[in-house]
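Student: I have a structure here, written as structure tokens, and I will follow up with some questions on it.
Read the figures in this text as sums done on the coordinates, not as results from a lab. This one's a predicted model, so the numbers in the text were calculated from it and none came from an experiment. Note that each Cβ is placed from the backbone with ideal geometry, even for glycine, and that neighbours are counted across all protein chains shown.
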Amino acid sequence: MLVVRASGGLGSYFLTIGVDEDSKRAARNLSTKSRHEFPFEKSLKINIELCALSSVCLCVCRWSLNGTLINLSTDSRRRLSGGNLVIRSLDRAQDGGIYQCTAFNPQGAILSRRASLQFAYLNLKTQTRSAVSVREGQGVVLLCDLSFAWVFNEYPYFVQQDNRRFVSQETGNLYIAKVEPSDVGNYTCVVVNRITKGKVLSSPTPLVLRTDGVMGEYEPKIEVHFSDMVPAAKGSVVTLECFALGNPVPEITWRRANGVPFPSKVKMKNSNVVLEIPSFQQEDAGGYECVAENKMGKNTVQGRLSFHAKPQWVQTMRDSALSVEERLFWECKTSGKPKPSYSWLKNGELLAAEDRIQIENGALTIGSVNLSDAGMYQCVAENKHGIIYFSAELVVLASPPDFSRSPLRALLKAKTGSTVTMECRPQAFPTAISMWRKGNEPVQSTDRITLLPDGTLRITNVTKMDGGNYACLARNQFGVASTTGRLLVTDPTQITQGPVDMEIIVGESIVLPCQISCDPALDVSFSWAFNGQLLNKLDQHYEHSISGDLMIRNIQLKHAGKYVCVVDTDVESLSAVAILIVKGPPGAPDGVTVEEITDSTAQLSWRPGQDNGSPITSYIIQAKTAFTVGWQAVNTVPEVIDGNTLTATVVDLNAWVEYEFRVLARNSVGVGEPSPASLKTRTEDAVPDTTPTDVGGGGGSKSELVITWEPVPEDLQNGDGFGYIIAFRPLGEVNWTHAVTSIPSQSRYVYRNESILPFSPFSVKVGAYNTKGQGPFSPVAIVFSAENGETPSGVPDGVWARSISATEIEVSWHILSASPERVLGYEVVYWEDDTKPETMGKVRVSANQNKVNISGLREYTQYFLTVSAFNTAGTGPLSPTINVTTKKSPPGQPPLNVEWNLIGSKLTVHWEPVISLEMESDVTGYQVSASQNRHEEINTITTNLTSVELTLPADDDYIIQIRALSDGGEGMPTEPINIHKLSKNYFFNLMNLSVLVF
């Protein structure tokens, strides 16, 4: 709805325009505006936006008023603006009425919804009013010709409404149920125009009390009530008023005639005088009753609310494009009350039924359309509450056959024995009649050849004789056209060698073959799917060969599953399937728990992990403490834990040590990942059972006996309060002298006594103790007392050194033939540079050795070294310094492009020669190592060639590695090459991932 306000000397004006929804459709290039409100003076213009056009519309708009075309060429007050009608200087007599717009374009014409232009005004006579005289306690009604408010005595003191006073918005009157002395005064009716907001005040009406007594009590008298039948529109707000005079003041209540309670949306206002129903619906219709009651009695009034609704679309039609002689059927449906009636318009004119045209309610049927039927159609639905329009375009098509959009394929390939379908579907209106030719001969239907009604040619069990040039000719009353193509019949494609089901071990490589034979005229492509998904060609585990084979390198457990080789040609698609079972070491066990622990045992339990394709055969238990390097295997009971056992006892543990345990599972493939570690648990304490080792000594100062030992590691001390007991006596005597130290890390004890002779032998032993008691002593050792501090005076001569490899040198010298001092051995000191003391190292050997190998050196580096003799008093003088340089590093590049061929038990391996870099040693040969899979024994062959032949049993798997040899040592090996017994018929390059099939 479009609402326009106006105010002027003659009053106010009100414009209402109804707008149809279908006029908004862009397909018609015609749009309308939704509801607007704006004020206008009589002398101002109004803009009726009922026929607003889109920017791409080629439409022409015409306006009518009360069914008469408005001649804009002779009307100075009215003009068009983009389809909108603009009216200046509104005139109530000339401009009031019903407006409608008709829009024309080359496709036809449609009508807009009708719009009503009305003028609203307010005119209230203000003659003097007589006084109203009442008794106290009596009810009174003060009349107001229109509505809506009352002033008491003087403006702006309005009458306040309550259960005793009520201003009806239906009658405009003021009702006082029971007059009281405070009500005496002057009352003025204020009338407000809701549209213009203008207001007019009536003359005052005096209200006075009579002097002839007070009104007695009486039963309610209903002065304001609703009609017997009240029409209400769907979605509107319905208000019902009910007010009664009476003494005492009556109480108002409401109820529905059917006894159904009011829904929550219903509101009671002004002390229940007003009943308001928002968003009125069908279920709100029916009987309503107002009851006014006081102690003197009650009175009621009844009425009904009737439901009505303007039409709304339930089903509409669509634009249609039909060939001549086709049938058109459109149907539109609406809802509304009362039930809407239907009519049809064509190009804005009423459409009547005739021989070809049938109209029944909202259905339109044209039996056989022709070109004259093209145009714009509107379905019109109307009841007394409104009218709506919906439009659609009918396009009638007529053209000769045209194959430009659907020609035959220039070359159609098909395999023998298949079914070929060639479609002949030109664009033609009406539908064309088709005929097929092969070469110059017409195609006739046979048991294999079918000509379908839509022009399609179908040949079943096609043979090479069916190949050739085909043409389809199409004809209708407007012309003829044809299209041609060639049919090429090919031999079927076959997979000659496909993949087979197999089992393989994690880390190995395998080739899945997919070899085919096919017609040379076909284009062939290969693809592989894994578990229903196409393989990612960027995955480094997979290599696709152009011949169709698939190589899987370094197979993992995730590669187990269903592999499908898909062969696609121009005419068919084939596939071959293989199931690959990948066996791997078991998964990690879980839930390792220490159930019970003593000073030397721990009882464990755990849960098994996945067996990964091979049953678990046994379990291994490992332990770790703060004193071990990593995890260590431990002894258990049972000694061998089979795969069905989930508990075991760990034995031979150290007392008073905090342990963590983990479990590993083993199957035929190997040992799997370890379980998560158990919680840390400490064993109980115990008497020491480990004796100090390497008990010895010697040296020191005059009159001293120096005793040394290797301290007992903390993890072998078995408890707190750990210390050592040192026992010694001169060799040959019976009684022992004892000394005690409570320092667990102590490794040396010095006994000083002036009676000790130089270099005298003593029997020595050392024991351990802790808070639990004393442990055993070490074996007795012979230790000599000090030698009075004399170091060897001789200097070794003939010192010589040579480089063995990049990291190792050999040093030799002459043994001292005679020395006044005792010689215990020789010490070799070596270093890279005097300015780099951190590079210095030393090696000691016994007195009967005259050479030593020093390893762990840097490649191609010069080292300096000296040799000296030593005894317990220290080292003697140094030999003259000599130098030696380590060799260059071995080649860092492994042999490349390794190729192998296994025929029976004969394995031939070839590789490219390794070229050493400038800072690497020259290659002197190659070493080939071969080991049976899952066996520790390794066989090696050395050669100066770049190939080797090996004889291997053909019923086992092997692992081959090749490395270069040089003066600097062994070079980098190749990656392990798995020679799988199932792969012996394939020759492939594991380095380049290229595969050839013999």
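Student: Does anything in segment 302-319 have its amide N under 18 Å from the 7 Å Cα→Cβ label point of residue 227, and if so which residues?
Tutor: 302-310
Student: What FRET efficiency, computed as 1/(1 + (r/R0)^6) with R0 = 60 Å and r the Cβ-Cβ distance, is obtained for residue 169 and residue 363, rounded to the nearest 0.05? Don't jump to the answer; show the numbers that get you there.
Tutor: Working: r = 46 Å, r/R0 = 0.77.
Calculated value: 0.85.
Student: Please rank 737, 74, fewest neighbouring Cβ atoms within 10 Å first, as an exposure proxy. Each step should come with its number before you reach the end.
Tutor: Details: 737 14, 74 7.
With the sparsest Cβ surroundings first, the list reads 74, 737.
Student: What trypsin sites (Lys or Arg not before Pro) in segment 243-279 are in a loop by DSSP, with at most 10 other Cβ atoms within 10 Å of the Cβ? Walk me through the numbers on the way to the answer.
Tutor: Working: sites: 255, 256, 265, 267, 269; in loops: 265.
Answer by residue number: there is no such site.
Student: Looking at the P(r) of segment 590-682, how many percent of alpha-carbon pairs lie beyond 22 Å?
Tutor: On the way: 936 of 4278 pairs.
Tail fraction, whole percent: 22.
Student: Cβ neighbours within 10 Å, averaged per peptide: list 371-377, 243-249 in order, most packed at the top.
Tutor: Details: 371-377: 16.9, 243-249: 23.4.
Highest to lowest by the protection proxy: 243-249, 371-377.
Student: Once the piece of chain linking residue 632 and residue 64 is laid out straight, how much longer is it, given 0.36 nm per residue of separation minus the C-alpha distance between them?
Tutor: Details: separation 568, 0.36 × 568 = 204.48 nm, distance 10.45 nm.
The span from residue 632 to residue 64 would gain 194.0 nm if fully extended.
Student: Given an 8 Å cut-off on Cα distances and at least 6 residues of separation, report the relative contact order of the chain as a percent.
Tutor: Working: 2616 pairs, mean separation 47.2, N = 998.
Answer for the chain is 5 percent.
Student: At R0 = 30 Å, how high is the FRET efficiency between residue 269 and residue 339 if r is their beta carbon distance? Nearest 0.05 is fine. Please list the in-between numbers first.
Tutor: Working: r = 35 Å, r/R0 = 1.17.
With R0 = 30 Å, the Cβ-Cβ based efficiency is 0.30.
Student: Give me 133, 525, 264, 509 ranked fewest to most by other Cβ atoms within 10 Å of their Cβ, as a rough exposure proxy. List each step's numbers first, then the result.
Tutor: On the way: 133 14, 525 10, 264 6, 509 20.
Ranking 133, 525, 264, 509 by Cβ neighbours within 10 Å, fewest first, gives 264, 525, 133, 509.
Student: At a Förster distance of 56 Å, what's the computed FRET efficiency of residue 763 paired with residue 596, Cβ-Cβ distance as r, to 0.05?
Tutor: Details: r = 44 Å, r/R0 = 0.79.
My answer for the efficiency is 0.80.
Student: Suppose only helical runs count, i.e. DSSP H with n ≥ 4. What mean residue ellipticity at 222 nm does that imply for the chain under -39500 (n - 2.57) per run, divided by all residues and rounded to the nearest 500 deg cm²/dmol?
Tutor: On the way: 1 runs with 4 residues, N = 998.
So the helix-based figure for the chain works out to 0 deg cm²/dmol.
Student: Find the relative contact order for segment 208-258 and round it to a whole percent, using C-alpha pairs within less than 8 Å whose residues are 6+ positions apart. Don't skip to the end; give the middle numbers.
Tutor: On the way: 41 pairs, mean separation 21.5, N = 51.
Once normalised by length, the contact order is 42 percent.
Student: Given the C-alpha centroids of segment 882-937 and segment 367-434, what is the distance between them in whole angstrom?
Tutor: 77 Å
Student: Got the relative contact order for segment 316-397 handy, in percent, Cα pairs under 8 Å and 6 or more residues apart?
Tutor: Working: 170 pairs, mean separation 32.7, N = 82.
The value is 40 percent.
Student: May I ask you to sort 738, 910, 225 by Cβ crowding, counting other Cβ atoms within 10 Å and putting the fewest first? Intermediate results must be reported in sequence, preceding the final value.
Tutor: Values: 738 9, 910 15, 225 19.
So the ranking, lowest neighbour count to highest, is 738, 910, 225.
Student: Apply the Debye scattering formula to segment 779-881, with a single equal point scatterer on each alpha-carbon and no solvent, then give log10 I(q)/I(0) at q = 0.12, 0.13, 0.24 Å⁻¹.
Tutor: -0.45, -0.51, -1.27
Student: By how many nm would the segment from residue 797 to residue 840 lengthen if fully extended, with 0.36 nm per residue of separation less the alpha-carbon distance? Can you show the working numbers first?
Tutor: On the way: separation 43, 0.36 × 43 = 15.48 nm, distance 2.16 nm.
Computed gain between residue 797 and residue 840 is 13.3 nm.
Student: How about segment 469-577: which chymotrypsin sites (Phe, Trp or Tyr not before Pro) there lie in a loop by DSSP and see at most 15 other Cβ atoms within 10 Å? Mind showing how you got there, number by number?
Tutor: Values: sites: 470, 478, 526, 528, 530, 542, 563; in loops: 478.
Filter output for segment 469-577: 478.
Student: Taking the simple approach of a point 7 Å from Cα along Cα-to-Cβ for both residue 736 and residue 521, what is their distance in nm?
Tutor: Here the answer is 10.6 nm between the modelled labels.
Student: Right, here's the next one. Take the alpha carbon atoms of the chain, find their radius of gyration, then divide it by 2.2 N^0.38 Å using N residues; give the quotient.
Tutor: Details: Rg = 57.4 Å, N = 998, 2.2 N^0.38 = 30.3 Å.
Its radius of gyration relative to the 2.2 N^0.38 Å reference: 1.89.
Student: Now for a different question. Report the gain in length on full extension from residue 186 to residue 673: 0.36 nm times residue separation, minus Cα-Cα distance, nm rounded to one decimal. Before the final figure, lay out each step's value.
Tutor: Numbers: separation 487, 0.36 × 487 = 175.32 nm, distance 10.42 nm.
Gain on extension, residue 186 to residue 673, equals 164.9 nm.
Student: How many nm separate the modelled label positions at residue 237 and residue 938, each set 7 Å beyond the Cα in the direction of the Cβ?
Tutor: Those two pseudo-labels are separated by 9.6 nm.
Student: Charges only on Cβ, +1 for Lys and Arg, -1 for Asp and Glu: so what's the dipole of segment 499-658 about the Cα centre, in debye to the nearest 20?
Tutor: Values: 7 positive and 20 negative charges, 45 e Å.
Around 220 debye, computed over segment 499-658.
Student: Using DSSP to define loop residues, name the chymotrypsin sites (Phe, Trp or Tyr not before Pro) in segment 779-816 whose beta-carbon has at most 10 other beta-carbon atoms within 10 Å.
Tutor: Details: sites: 784, 800, 813; in loops: 813.
Filter output for segment 779-816: empty list.
Student: Determine the dipole magnitude for segment 405-559: charges of +1 sit on the beta-carbon of Lys and Arg, -1 on that of Asp and Glu, nothing else is charged, the reference point is the Cα centre, and the result goes in debye to the nearest 20.
Tutor: 900 debye
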